[in-house]
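Take a look at the structure set out below.
The values are calculated or read from the model by the stated rules, or taken from the named source; none is laboratory data. The structure displayed is predicted, hence computed values, not measured ones. As a convention, Cβ positions derive from the backbone with ideal geometry for all residues, glycine included, and neighbour counts pool all protein chains shown.
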Amino acid sequence: MLQSFKREASHAFSSVGGTIVTKIPQGELIEAYYKFAKSKDGGKGTGKTVSNYLDDIVEAGGTRREINSKLRNPLDNPKIAKEIEGNTEAVYGYSPKKESALNKFGVDWTNGDEVAYARSERIKYHEKIQQKRIQLEQDIKNLQNDGLSMEEIARLKVEERNQGRMETYIKSNNFDGLNAMKERNILEYGRAEGPTPEQLYKKYGSWEDVIYGSLKTNPAMDVLTGLFHSMGGK
């Protein structure tokens with residue numbers, strides 16, 4: 001069934017509106033087809049094909065920009081391209097490069113069951129990040145009410161995070177992980193404790209971005225789990 005999805009989607013996307021796209025990564029084809037399958041036409045058996053579905057989008061005036069946006073190649077992002085590469089055998093069309101830290105998760109990206117589990121865990125992770133964002137926003141509001149500036153809040157949060165990361169390893173008795181983290185910190189920041197507020201300000205460009213920096217996620221993992229476009233495709 002998956003192969004037929006790819007064939008029909010590939011034909012449809014290469015022909016809609018003339019030549020909107022000429023080469024589409026496998027992951028985008030699958031994701032787009034699944035979107036069609038969940039639509040009222042795909043889900044209710046109206047007889048429409050994915051090609052009809054895309055024709056309707058074009059006729060509705062949405063169009064080339066919308067479709068091109070949905071099919072934006074994630075490898076156009078240098079940070080993503082550094083971590084992953086196209087793989088026609090992978091479920092969503094991509095797998096980590098040999099030197100990528102994403103290999104530490106031990107997922108076989110060609111195995112549907114393993115990728116489905118990784119996808120569900122990734123969704124849970126994003127949900128937790130959203131909860132943390134809500135809490136962080138409340139913390140910022142409270143601290144501002146107490147008279148602290150964004151810089152003061154950023155400095156406070158950086159120290160809290162550095163300490164919190166170390167305590168997490170210590171509480172779980174994962175001293176190998178703790179030492180590995182310290183080694184990474186020394187290589188990247190020149191000190192075992194982690195980055196200084198000044199280093200992060202130089203990296204992000206504002207104290208607000210320093211504060212919210214802990215909520216940044218790795219878009220390469222979203223690509224591997226088929227969530228890249230639903231998470232904004234950045």
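The lone criterion from (1) among the aromatic types (Phe, Trp, Tyr); (2) loosely packed, with under 13 Cβ neighbours inside 10 Å; (3) modelled with pLDDT of 95 or more left unmet by residue 201 is number (2). Take the conditions (1) without any contact (Cβ under 8 Å) to a residue 60 or more places away in the chain; (2) small (Gly, Ala, Ser); (3) surrounded by 15 or more Cβ atoms within 10 Å (Cβ to Cβ); residue 106 misses just one of them, which is (3). Pairs meeting the criteria (first residue in the stretch 173-184 and assigned by TED's automatic domain parsing to the domain that holds residue 162 and surrounded by 13 or more Cβ atoms within 10 Å (Cβ to Cβ), second residue in a helix (DSSP H, G or I) and among the hydroxyl-bearing types (Ser, Thr, Tyr), beta carbons under 9 Å, at least 6 apart or on different chains) are 174/168; 177/168; 177/169; 178/168; 178/169; 181/169. Out of all the residues in the stretch 218-233, is one or more in the same structural domain as residue 115 (by TED's automatic domain parsing), out of contact with any Cys (no Cβ under 9 Å at 6 or more places or on another chain), among the small types (Gly, Ala, Ser) and surrounded by fewer than 14 Cβ atoms within 10 Å (Cβ to Cβ)? Yes: the stretch 218-233 contains one or more residues that are in the same structural domain as residue 115 (by TED's automatic domain parsing), out of contact with any Cys (no Cβ under 9 Å at 6 or more places or on another chain), among the small types (Gly, Ala, Ser) and surrounded by fewer than 14 Cβ atoms within 10 Å (Cβ to Cβ).
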